[in-house]
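This report concerns only the one structure given below.
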Amino acid sequence: MGAYYTPEEITGFMARQTIHPYLLDQLNKAEGTSYESIDDVFSLSEPNAGERVEQQALADGGVLAHKVNAGAIEQTHVETLYFDVLKDVRVLDPAVGSGAFLLAAQEVLLDVYLQCIEYFVEKEETEPWELTSRIKDEIDTIRDANGTVTLYAKREVILNNLYGVDIDEGAVEICKLRLWLSMVADIEDEPSEVEPLPNIDFNIRQGNSLIGQVDAVIESNDDGDSELDAWERKARFEDVKEAIQNHKSAESSAEARKWRKEAEARIDEHREKFDDILRGEFQDAGFDNITVDELRDWSPFHWPLEFAGVFEEGGFDVFIGNPPWDMLYANRDDFFIRYDEKFRIYPSEEKDDVMDELLSDPDIAGEWEAYQDSMDTRADFFTKGDTYRLQSPVVGGRTMPTKNELSALFLERVFRLSRDGREGESAPPRNDIREG
Ligand SMILES: C[S@@+](CC[C@H](N)C(=O)[O-])C[C@H]1O[C@@H](n2cnc3c(N)ncnc32)[C@H](O)[C@@H]1O
């Protein structure tokens, strides 16, 4: 199982630089304010008289080290930040791997959650009459949850804010485990006295982020009827959302298992329709004979179905991650390593010999041909079809197809998944994209 780890300095920096500006934009838009940092919202930028503040600002990765100065803070702004912005932000890593970026995003969001909660609690002590009903309800909910405030906030972040997809099933399992362990780390009481940890199987999913439906509106068929119009889509996915919700809030593992199975079955049922539409896209790109079974070998991921709750509200807000930087082409190292585990490290001439010998087996030769065809089909789909229009920019009147760099494909895809998004992905410098 080869999961990839991006160092924490990079993930933490990128998570802050991506998430804080989004939160501030939303808050400033909602309140007509012009905060430039999260610290400003909590009046943390100016040290109190006589107090030496050596801590780093939150925006630079610091954590709250002294009590909030509740008197100097605008309650409505913190309330909006917490209930309308923070709880609503949807962060996606479309190549989530072992979850390094989502864990960093969790830290960044957690700091802001905790800061808001600390302010609400302090306000309750000093000016309880000022609290609105939703703040009072939230304080009650946190107290009823029995665990630490940090555990409560982590659950909220993991369930409401974080989403990931990876084509590698092993990576998905590691990611889920890491997020889950991050909650376990905050259990201080007897585990039986804390509410059960939530189930996150439907936040972190296995699939091919680049192949599958992203659109909320499906085009009409030949009869002029919508294949799956907006109303029908919403009504039909209610069953998926219901099963996922029941799974997330299940109180026993038997109940969680039952609802997980049910949700997967309901997703599978709807998937057939989406796979047919995807086949139509491949046919439009010139692959007339492609079958749904062939498409399924590539693990298509239909976003509005798999993340029905998120897409009902328009999509994701913040994208973060480190996508694959390879090119999409038939790579003999990737293929022949299945038959000879040292293949990758042989010198070139030895590779030629080993390859010739392996290809003398007609089964392997057939597999190699199928592998090359499969790569060529996807490569052509990305450049010749209509799905990825930015991969064939027109420069000086000439179409310049790219070389199917996966990072560029991921970049284009996240634009389509965005509610009104902001993106924080590492990517190699690309002259053609900058110029094109
Ligand atoms: C460079 S790793 C980054 C992983 C993660 N962001 C991290 O830093 O820990 C790239 C990840 O992309 C995944 N991947 C490659 N192609 C993919 C695709 N088409 N759809 C979804 N995930 C893909 C790989 O399995 C791998 O986990």
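What follows draws every value from the coordinates through simple rules; no lab data is involved. Keep in mind it's a predicted model, so treat the numbers as computed, not measured. Neighbour counts are summed over all protein chains in view; Cβ atoms, including those assigned to glycine, are modelled from backbone coordinates with ideal geometry.
Take every pair of alpha-carbon atoms less than 8 Å apart whose residues are at least six positions apart; their mean separation over the length of segment 333-399 yields a relative contact order of 16 percent.
Taking 23 Å as the limit for the C-alpha separation, the pairs 241/273; 87/176; 87/248; 241/261 never exceed it; all remain within the limit. Along segment 260-270 the Karplus relation, 6.51 cos²θ - 1.76 cosθ + 1.60 evaluated at θ = phi - 60°, assigns HN-Hα couplings of 5, 4, 5, 4, 4, 5, 5, 5, 4, 4, 6 Hz to successive residues, with x for each Gly and Pro. Once backbone amide H atoms are built at 1.01 Å from N, residue 319 has 92, 422, 423, 424 as its partners under 5 Å, excluding neighbours fewer than 5 places away on the same chain.
If the viscosity is 0.692 mPa s and the temperature 37 °C, what translational diffusion coefficient in µm²/s does Stokes-Einstein give for segment 333-399 when Rh comes from Kirkwood over Cα pairs? Write down the numbers at each step before the final one.
Details: Rh = 14.3 Å.
Calculated translational D: 229 µm²/s.
Our note on the geometry: Cα centres of segment 231-309 and segment 336-410, 28 Å apart. For residue 73 and residue 359, the FRET efficiency from 1/(1 + (r/R0)^6), where r spans their Cβ atoms and R0 equals 51 Å, is about 0.15.
Simple spin-label estimate for residue 349 and residue 146 gives 7.1 nm between the two label positions (7 Å along the Cα-to-Cβ direction from each Cα). When each of the peptides 356-365, 157-166 is scored by the mean number of other C-beta atoms lying within 10 Å of its residues, the order from highest to lowest reads 157-166, 356-365. Couplings 3J(HN,Hα) of segment 302-310, computed from phi: 9, 4, x, 8, 5, 10, 4, x, 5 Hz, in residue order, whole Hz [Karplus 6.51 cos²θ - 1.76 cosθ + 1.60, θ = phi - 60°; x for Gly and Pro]. For segment 333-399, the residue among 377, 399, 354 whose Cα projects farthest onto the positive side of the dipole built from Cβ charges is 399.
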